[in-house]
Amino acid sequence: MNALLEPGILVRHPGEPDWGVGQVQSNIGGRITVNFEHAGKVVIDGSHVDLRMVIDIQR
């Protein structure tokens with residue numbers, strides 16, 4: 001699923017619900033940079049975490 005993430009897509013980190021919704025900034029070589037509401041910019045190793053796409057914007 002992470003391979004489908006492109007800049008602008010909204011996601012949640014399943015292990016860090018307090019981070020809120022994040023917007024994908026980049027996805028290069030499985031390293032996904034996401035700007036989260038409550039955690040700021042985080043680089044995630046996509047081989048260890050399956051981010052969840054946000055379809056419904058309600059937070």
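Here are the numbers for the structure shown:
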quantity: Of all residues in region 19-59 being of a type in the set (D, E) and over 9 Å from the mean Cα position of the chain (by Cα), the one that is farthest from M1 (Cα to Cα); calculated: E37
quantity: Strands (runs of 3 or more DSSP E) wholly inside the chain containing at least 2 residues that are without any contact (Cβ under 8 Å) to a residue 24 or more places away in the chain, of a type in the set (K, R) and touching a strand residue (DSSP E or B) at 6+ places or on another chain (Cβ under 6 Å); calculated: none
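Rule-based calculations on the coordinates, nothing more; no lab input. Everything numeric here is computed off the predicted structure, so don't read it as measured data. No Cβ is skipped: glycine too gets one built from the backbone with ideal geometry, and neighbour counts run over all protein chains shown.
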